[in-house]
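*Asks:* The following block contains the structure, expressed as structure tokens.
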Amino acid sequence: MIRTKIVATMGPACGDVETLLALFSAGVDVCRMNFSHGELSWHLQLLRNIREAAARWDKPIAVLGDLCGPKIRLGKIADCNGSDGMPIAVGDELVIQRTTIIGENGRVSSTYPSLVDDVQIGHRVLVEDGSLRFICTDKNFNELRCNCTMGGILKNSKGVNLPDTTVNIPSITDRDWECVDWAIEHDLDYLALSFVRSAADLELLREHLRNKVSDINLIAKIEKAEALDHIEAILEASDGLMIARGDLGVEMDVAQVPIIQKDLIRRCQTSGKPVIVATQMLQSMIEQASPTRAEVSDVANAIFDGTDAVMLSGETSVGKFPVGSVHTMAHVAEVTEEYLVKSMTSPALSAKPGSAMLRLSAAVARGVWQIVNDLQVKLVVIWSQTGATARIFSKSRFPVPLIAMSSDHRALRRMALHYGVIPHEMMPPEGMNELVGGVDRMVQDQKFAGVGDRIVIVAGAAMGTPGTLNGIVIHTVGESWNGQAEPVAAGEARWA
């Protein structure tokens, strides 16, 4: 197994059941549904295919819905002189007008009419992740006049970034609210909010979920400088981060992006929350069967930094080699992790989560890591009914597999995002004796361990009830275990 989780973006290149099964077999743990593209009817059929393939695969697969957010895009653009769009050269003037038109002859519109109000003279206007660059030189009520400083071909619906401009647009659009309600109705596991600027954006979405009696986990996409100014509050308000390096590298100095990536991963590590590194990880594999050396290094370095997951975008959604891209990413992860395990001498940076119960889990995880290291334990099994304990344990970066048991299907799917965690369904046993017996049979049946191997089992006195972590068992596979819990105090127990 590889410990790093792989998030694959869904699209026409991988949406059928057989291809999805091939992706799961290659190593995909999370399916990302990008609401920026496609109608909800198309997403529904895709979701049905994911669920069918996951049922056949018989392992938990999480589904992440990615909200569009206030992304500004160019309007439709007519083809010109045989080009797939409108060619524009350095020094040419581009007019961006308020009213919607079919772009031609150096004049276009955008999906945000108030762009004309917000952008000021001297501000930069970047198109298609900065591939085309403009400076606003003049404006009136109806239009902006911009000078091209980096040319290319303007195409339909390409993204517009405004790094110098404060945009007066809601962080959650009408389209986003429609997608949120669809995600609630269809029981998605995660929602990623794009272009988060402050914790208030997440709190607004969280309140809507509570009103709809939904506990979908929220991932904050970090892609604006404003988010970095409020990162502590954003991390507190979210259930994890996605480092969206495409827009982040356009909004900020691109040389800062690797430093920001390392800092954000470290913050997630200490807060006990998952983090996904995204954008252009194997970009060349959209067209080519093999990655560049720089791309391989990028994936490996994200794992060295401590990410929980790495993400594929166009590589799987529209690329020519979706399954090959996953195989490549899994292979890079496997080789990198082998090196990390061999060089590991202590737990990773300790998680310091907020609640007392999760601090207890973090302390237990550090102790179990030492037991694993000292006694050459084969694997660790934890009971994590809600997935919270598994999330905290994953941050210790165990050198052995970490199997997380639960009877809650949604918790099992959500655990598919956590580094090193293998989710496994089990009905709550009546006590530790029954748990140890069930785990002993499971690890042998699944070939996680064999007779004579030593394993560690971590659970509580009331399996199936969150917040009852209080027991550690060191067990030899194949041997009967008749340990008795000796009450120490109310709600506590001691196991050898």
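The values are calculated or read from the model by the stated rules, or taken from the named source; none is laboratory data. Since this is a predicted model, take the numbers as computed values, not measurements. Backbone-built Cβ (ideal geometry, glycine too); neighbour counts: all protein chains shown. Side chains included, ligands, DNA and RNA excluded: accessible areas come from the protein's heavy atoms. Shrake-Rupley method; radii C 1.70, N 1.55, O 1.52, S 1.80 Å.
*Asks:* Can Asp29 be described as touching a strand residue (DSSP E or B) at 6+ places or on another chain (Cβ under 9 Å), open to solvent by 50 Å² or more (accessible area, probe 1.4 Å), modelled with pLDDT of 95 or more and on the phi < 0 side of the Ramachandran plot? Write out each step before concluding.
*Replies:* Working: touching a strand residue (DSSP E or B) at 6+ places or on another chain (Cβ under 9 Å): yes; open to solvent by 50 Å² or more (accessible area, probe 1.4 Å): no; modelled with pLDDT of 95 or more: yes; on the phi < 0 side of the Ramachandran plot: yes.
Here the answer is no, as Asp29 does not meet what is asked.
*Asks:* Under 6 Å by Cβ, and 6 or more places apart or on different chains, what pairs join a residue from region 119-133 that is within 17 Å of Leu154 (Cβ to Cβ) with one that is part of a loop (DSSP other than H, G, I, E, B)?
*Replies:* Within 6 Å, the pairs are Val119/Thr165; Arg124/Pro163; Arg124/Asp164; Val127/Lys158; Glu128/Lys158.
*Asks:* Please go through region 149-175 and pick out each residue that is open to solvent by less than 20 Å² (accessible area, probe 1.4 Å), farther than 20 Å from Gly75 by Cβ and not hydroxyl-bearing (Ser, Thr, Tyr).
*Replies:* Ile172
*Asks:* Under the condition of being surrounded by 24 or more Cβ atoms within 10 Å (Cβ to Cβ) and over 21 Å from the mean Cα position of the chain (by Cα), which residue from region 386-413 is farthest from Asp305 (Cα to Cα)?
*Replies:* Only one residue tops the list, namely Ser406.
*Asks:* Can you tell me which residues in region 101-130 are under 20 Å from Ile77 (Cα atoms), within 35 Å of the chain's Cα centre (by Cα) and open to solvent by 70 Å² or more (accessible area, probe 1.4 Å)? So that I can check it myself, show each step before the final result.
*Replies:* Residues of region 101-130 under 20 Å from Ile77 (Cα atoms): 101-116, 125-130.
Adding the requirement that they be within 35 Å of the chain's Cα centre (by Cα) leaves 108-116, 125-130.
Once the filter is applied, which keeps residues that are under 20 Å from Ile77 (Cα atoms), within 35 Å of the chain's Cα centre (by Cα) and open to solvent by 70 Å² or more (accessible area, probe 1.4 Å), region 101-130 yields Thr111, Asp129.
*Asks:* Hey, does region 131-148 have a residue that's aromatic (Phe, Trp, Tyr) and either farther than 16 Å from Arg73 by Cα or touching a His at 6+ places or on another chain (Cβ under 9 Å) (or both)? Break it down into steps so the answer makes sense when it comes.
*Replies:* Initially, region 131-148 is screened for residues aromatic (Phe, Trp, Tyr), giving 134, 141.
Okay, now just the ones that are also either farther than 16 Å from Arg73 by Cα or touching a His at 6+ places or on another chain (Cβ under 9 Å) (or both), so 141.
Looking for residues that are aromatic (Phe, Trp, Tyr) and either farther than 16 Å from Arg73 by Cα or touching a His at 6+ places or on another chain (Cβ under 9 Å) (or both), one finds at least one in region 131-148, hence yes.
*Asks:* Let me ask you something else. Being part of a helix (DSSP H, G or I), over 17 Å from the mean Cα position of the chain (by Cα) and surrounded by 16 or more Cβ atoms within 10 Å (Cβ to Cβ) is the filter here; which residues of region 232-256 pass it? Working first, answer last.
*Replies:* Going through region 232-256, the residues part of a helix (DSSP H, G or I) turn out to be 232-237, 245-251, 254-256.
When the remaining residues are screened for being over 17 Å from the mean Cα position of the chain (by Cα), the result is 232-233, 249-251, 254-256.
Within region 232-256, Gly249, Val250, Glu251 meet the criteria.
*Asks:* Still on this structure: Quickly run through region 285-298 and pick out the residues that are open to solvent by less than 30 Å² (accessible area, probe 1.4 Å) and closer than 23 Å to Lys221 by Cα.
*Replies:* The one that is open to solvent by less than 30 Å² (accessible area, probe 1.4 Å) and closer than 23 Å to Lys221 by Cα: Glu295.
*Asks:* Please tell me if Ala289 is at pLDDT 95 or above, over 28 Å from Arg73 (Cβ atoms), out of contact with any Asp or Glu (no Cβ under 9 Å at 6 or more places or on another chain) and not polar (S, T, N, Q).
*Replies:* On the way: at pLDDT 95 or above: yes; over 28 Å from Arg73 (Cβ atoms): yes; out of contact with any Asp or Glu (no Cβ under 9 Å at 6 or more places or on another chain): yes; not polar (S, T, N, Q): yes.
The answer is yes for Ala289.
*Asks:* Next question. Evaluate region 454-464: report whether one residue or more is at pLDDT below 60, touching a strand residue (DSSP E or B) at 6+ places or on another chain (Cβ under 9 Å) and either surrounded by fewer than 19 Cβ atoms within 10 Å (Cβ to Cβ) or more than 23 Å from Gly387 (Cα to Cα) (or both).
*Replies:* Yes, region 454-464 contains at least one residue that is at pLDDT below 60, touching a strand residue (DSSP E or B) at 6+ places or on another chain (Cβ under 9 Å) and either surrounded by fewer than 19 Cβ atoms within 10 Å (Cβ to Cβ) or more than 23 Å from Gly387 (Cα to Cα) (or both).
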